[in-house]
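Below: one structure, written as structure tokens.
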Amino acid sequence: MIKRNQYLDVLKRFKDKELIKVITGIRRCGKSTLLEMYKEYLLENGVEEEQIISINLEDLKYNFIDSYMALYNYVNDNLNANKKNYVFIDEVQKILEFQKAVDSLYINKNVDLYITGSNANLLSSELATLLSGRYIEVKMLPLSFKEYKDAYPKLSNDELYQKYISYGSLPYTTNLDNEDDVSMYLSSIYNDIIIKDVMTRKKIQDETMLRSVANFAMDNVGNLVSVNSIANTMTSDGRDINVRTVERYLDGFVESFFLYKASRYDIKGKQYLKTGEKYYVSDLGLRYFMLGRKIGDYGHVLENIVYLELLRRGYDVFVGKVDEYEIDFVAVNNKGRLYVQVADTLKGVDKSDTKILDRELRSLKKINDNYEKLVLTSDKTPLANEEGIIIRNVLDWLLEK
């Protein structure tokens with residue numbers, strides 16, 4: 001079992017704090033396993049079995065819990081009145097109006113409450129208003145490259161990277177021995193996302209068109225797109241679809257954590273732009289087994305990996321614009337910001353050709369502030385500094401603490 005210490009440490013820090021711990025993320029990214037790890041930690045640190053109430057609402061054993069009152073009554077009836085109770089509810093969004101049960105359990109002083117969900121509606125505006133100031137969200141992603149290395153310590157970094165972008169980073173794939181088995185597993189997850197997480201929840205009827213929009217978004221990771229451009233492209237290919245439908249489909253993919261959307265930010269104008277955004281897929285294995293890989297695709301794949309890693313490191317991530325140039329990522333947190341350019345290689349066909357390097361540096365040099373500027377590349381380049389811009393090998397960056 002791969003330790004997910006980044007997330008486990010958060011739960012440890014917030015143990016017994018009067019806050020609901022809400023764990024979100026794409027299905028099969030490890031939310032249930034994280035709760036199991038945390039339960040082991042509790043049992044090893046003085047908590048008794050009778051203090052733990054654990055419910056997985058995808059388990060038919062709990063099929064009798066079919067309403068928020070049934071959920072509340074089950075937990076309430078099993079509470080230990082004289083001790084602290086640690087309550088875990090997996091996939092809580094399956095219960096209609098679950099927030100009423102959650103809110104009532106929260107006000108019980110001897111309950112420490114943990115819930116998970118694979119849909120962003122878990123924290124809809126209604127729930128966020130009801131629980132304002134009462135919860136923290138742990139945003140869980142599939143395995144980072146550093147976590148993935150724990151599963152395959154004997155592979156070289158280059159071998160590991162090829163496996164990472166082909167098999168993907170959903171934890172269970174590390175238990176599968178060959179590409180066919182991984183393909184079958186990822187196909188089943190993809191179908192669950194399409195059918196259960198998007199079609200059912202968004203009440204969508206046209207499965208074929210929904211899959212077409214998903215394929216288009218995956219095929220265009222790292223490209224600036226808009227709802228209009230997607231609708232126009234698909235219509236020109238003979239698949240008639242309107243803008244509002246495309247927007248609804250994309251919302252469903254984002255809400256299920258299948259896709260992440262990076263909006264654009266004008267660095268000089270200091271404003272968010274309403275047109276054009278980029279989409280990134282939460283697991284590249286899903287993309288590979290649905291679409292395969294194309295010549296010239298490695299740059300966008302690498303960009304996808306860096307985007308997710310910036311999210312893991314606690315940044316809000318935007319696509320930057322400075323004058324007529326693009327910055328791949330403007331990463332912002334409470335300590336400041338980081339500007340990042342991503343390039344599979346900085347070398348031309350002629351090794352002395354510096355056009356690619358000059359292009360990547362040119363955008364960053366247009367920025368007139370003192371925040372860190374970084375170029376990440378697959379080249380085996382030593383750490384370098386060009387006029388205050390740091391150039392690093394991306395695998396070294398991914399594996400750092």
| query | Exactly one of (1) over 30 Å from residue 294 (Cβ atoms); (2) crowded, with 16+ Cβ neighbours inside 10 Å; (3) touching an Asp or Glu at 6+ places or on another chain (Cβ under 9 Å); (4) at pLDDT 90 or above is unmet by residue 111. Its number? | reply | (3)
| request: Go through (1) at pLDDT below 95; (2) outside any loop (DSSP other than H, G, I, E, B); (3) of a type in the set (Gly, Ala, Ser) and name the single condition residue 348 misses. | output: (2)
| message | On the basis of being farther than 30 Å from residue 18 by Cα and in a helix (DSSP H, G or I), does residue 215 make the cut? | response | yes
| Can you name the residue in the range 179-213 that is among the aliphatic types (A, V, I, L, M) and under 18 Å from the mean Cα position of the chain (by Cα) and, of all such residues, is surrounded by the most Cβ atoms within 10 Å (Cβ to Cβ)? | 198
| Within the bounds of the range 129-149, is there any residue that is of a type in the set (A, V, I, L, M), farther than 21 Å from residue 24 by Cβ and either modelled with pLDDT of 95 or more or in a helix (DSSP H, G or I) (or both)? | no
| request: Please tell me if residue 47 is touching a strand residue (DSSP E or B) at 6+ places or on another chain (Cβ under 7 Å), under 22 Å from residue 122 (Cα atoms), at pLDDT 95 or above and surrounded by 14 or more Cβ atoms within 10 Å (Cβ to Cβ). | output: no
| query | Name the residues in the range 167-186 that are farther than 23 Å from residue 117 by Cβ and either in contact with a Ser or Thr (Cβ under 8 Å, 6 or more places away or on another chain) or part of a helix (DSSP H, G or I) (or both), would you? | reply | 167, 174, 175, 179, 180, 181, 182, 183, 184
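The values are calculated or read from the model by the stated rules, or taken from the named source; none is laboratory data. Predicted model, so just to flag it, every value in this text is computed and none were measured. Please note: Cβ atoms are built from the backbone with ideal geometry, for glycine as well, and neighbour counts cover all protein chains shown.
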